[in-house]
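A.B. asks: Starting off with a structure, shown below.
The values are calculated or read from the model by the stated rules, or taken from the named source; none is laboratory data. The structure displayed is predicted, hence computed values, not measured ones. Here Cβ is always computed from backbone atoms with ideal geometry, including for glycine, and neighbour counts include all displayed protein chains. Side chains included, ligands, DNA and RNA excluded: accessible areas come from the protein's heavy atoms. Shrake-Rupley method; radii C 1.70, N 1.55, O 1.52, S 1.80 Å.
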Amino acid sequence: MTTQDSIILPKAVDKLRDEFPILHQEVNGHPLVYLDNAATSQKPLSVVESITNYYLGYNANIHRGVHHLANLATEAFEKTRKKLAAFLNTPDQREIIFTSGTTDSINLVAQAWGRMNVHSGDEILVSMLEHHSNIVPWQMLAQEKGAVVRVIPITPKGEWDLTDLNQLVNAKTKIIAVNHVSNALGTINPIEILIAEAKKVGAKVLIDGAQSVVHFEVDVKALDCDFYCFSAHKLYGPTGVGVLYGKAEVLEAMAPYRGGGEMIHTVSFSGTTYNEIPHKFEAGTPNIEGIIAFGAAIDFATSLDKDFVQSHEHELLRYATEKLSSIEGLKIYGESENKVSVISFLVDGIHPYDLGTLLDHQGIAVRTGHHCTQPLMEHFGIPGTVRASFAVYNTIEEIDMLYNALLKAISMLK
Ligand code: C6P
């Protein structure tokens, strides 16, 4: 951090925090310190207002009516698709499918692509760092098809161990499904290596971007992956909506996932024809206000200065790592050089739940438990961790508050 940055940064963050009224409250008699951003980020005013504006001004169903409100709602809804296409850098809006979130996007691919393309004896490759949402849909598919789920091991630092890459990615591999960033450890994974390897054997690649897009820019065309997905709610947007990017030619060759309104072309009892992509995968009335607010969240995210986000989050991570490492008996899980602003830790002899509860008593919100990564916790031989995850609106002072609250909690529990 340069001297100039240290003068400018607090002011910039203060201004940013004004956009998030929820942060300005007390919890248990202490100022709220919200460090559970990897679970869900807080929402700026513009996102909240986009929802009320819709309901107060132009609530209507989309793609169906010819009336004024229906046209306004359809236009606002489709604008989000355009924004997401730009956000992920695809020129083709048909490659943007709205879903209910990352989990839904992965299930869509596992079912709609997987059922057609994965057969007995085939292999699906995931990693030890996956969230349950990127494990269970593949296990369900593998069980149905008699396929095998293989797992990329990790190093003690929490990075992929690609020593046996040649065996892990082989002629039987049909799809590689991995996260870009680990939610439990914060590791940024070298997905480019796997995408290149997949091409050699003709396998498809799905990237779970739930934890990446809020921290750095993603260009699906430069990555050249087949699928990329994320949820709005970890990127300043509402819960219950998300996106699946898929290459047009791959999506076109896929059967629909859910049947119903909107995804059809014509329906008759003698046979039904399906709509074009992306609508083929968007059955039923969607979460209209959520998708519109997703657009507002994209606007907010893209309005932030990228260099500022990166340097501020990097400084939060560096400072928090230094402070927490100085606490006796505290062990950090996930020590990659290539990390986003997430710190998972345990303190000798103290259950993470007890620590989390005593932090909450002091106004500090962290996540405790297995973080929906039970195989990873089992790998480390631990029940779970305490996870502090920082967003661009967090401050150095809040890390000092975390540090002091931790010392107090530890002294009470030991
Ligand atoms: N991780 C966390 O606290 P949904 O629930 O569909 O929006 O996202 C699921 C998901 C998938 N992949 C990764 C890498 C994730 O981090 C998550 C959500 C939250 O870490 C809730 S468990």
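A.B. asks: Within segment 157-165, is there a residue that is touching a strand residue (DSSP E or B) at 6+ places or on another chain (Cβ under 9 Å), within 26 Å of VAL392 (Cβ to Cβ) and of a type outside the set (Lys, Arg)?
C.D. replies: Yes, segment 157-165 contains at least one residue that is touching a strand residue (DSSP E or B) at 6+ places or on another chain (Cβ under 9 Å), within 26 Å of VAL392 (Cβ to Cβ) and of a type outside the set (Lys, Arg).
A.B. asks: Filter segment 110-122 for residues that are under 14 Å from GLN143 (Cβ atoms) and not aliphatic (A, V, I, L, M) and give the result.
C.D. replies: GLN111, GLY114, ARG115, HIS119, SER120, GLY121, ASP122
A.B. asks: Within segment 38-56, does at least one residue satisfy the condition of being open to solvent by 40 Å² or more (accessible area, probe 1.4 Å), more than 16 Å from the ligand (Cβ to nearest atom), modelled with pLDDT of 95 or more and closer than 30 Å to LEU141 by Cα?
C.D. replies: So far as segment 38-56 goes, no, none of its residues is open to solvent by 40 Å² or more (accessible area, probe 1.4 Å), more than 16 Å from the ligand (Cβ to nearest atom), modelled with pLDDT of 95 or more and closer than 30 Å to LEU141 by Cα.
A.B. asks: Give the residue that is farthest from the chain's Cα centre (by Cα), with candidates limited to residues of segment 16-37 that are part of a loop (DSSP other than H, G, I, E, B) and away from the ligand (no atom under 16 Å from the Cβ).
C.D. replies: For segment 16-37, the residue satisfying everything is GLY29.
A.B. asks: Among helices (runs of 4 or more DSSP H) lying entirely in segment 306-398, which contain 2 or more residues that are open to solvent by 10 Å² or more (accessible area, probe 1.4 Å) and either among the acidic types (Asp, Glu) or modelled with pLDDT under 95 (or both)?
C.D. replies: Of the helices (runs of 4 or more DSSP H) lying wholly inside segment 306-398, those with at least 2 residues that are open to solvent by 10 Å² or more (accessible area, probe 1.4 Å) and either among the acidic types (Asp, Glu) or modelled with pLDDT under 95 (or both) span 306-325, 352-361.
A.B. asks: A follow-up question, please. Mind checking whether some residue in segment 92-99 is basic (Lys, Arg), out of contact with any Cys (no Cβ under 7 Å at 6 or more places or on another chain) and more than 21 Å from ALA391 (Cβ to Cβ)?
C.D. replies: Yes, segment 92-99 contains a residue that is basic (Lys, Arg), out of contact with any Cys (no Cβ under 7 Å at 6 or more places or on another chain) and more than 21 Å from ALA391 (Cβ to Cβ).
A.B. asks: Follow-up question, since we're still on this one. Would you point out which residue out of ALA409, ALA388, ALA365 is away from the ligand (no atom under 16 Å from the Cβ) and within 28 Å of HIS312 (Cα to Cα)?
C.D. replies: Just one listed residue meets the conditions, ALA409.
A.B. asks: Here's a follow-up. Determine which member of the set HIS119, HIS63, HIS68 is in contact with a Phe, Trp or Tyr (Cβ under 9 Å, 6 or more places away or on another chain) and surrounded by fewer than 15 Cβ atoms within 10 Å (Cβ to Cβ).
C.D. replies: HIS68
A.B. asks: Report yes if some residue within segment 325-336 is of a type in the set (A, V, I, L, M, F, W, C) and within 23 Å of LEU88 (Cβ to Cβ); otherwise report no.
C.D. replies: So far as segment 325-336 goes, no, none of its residues is of a type in the set (A, V, I, L, M, F, W, C) and within 23 Å of LEU88 (Cβ to Cβ).
A.B. asks: May I ask you to verify whether ASN170 is within 18 Å of CYS225 (Cα to Cα) and open to solvent by less than 10 Å² (accessible area, probe 1.4 Å)?
C.D. replies: No.
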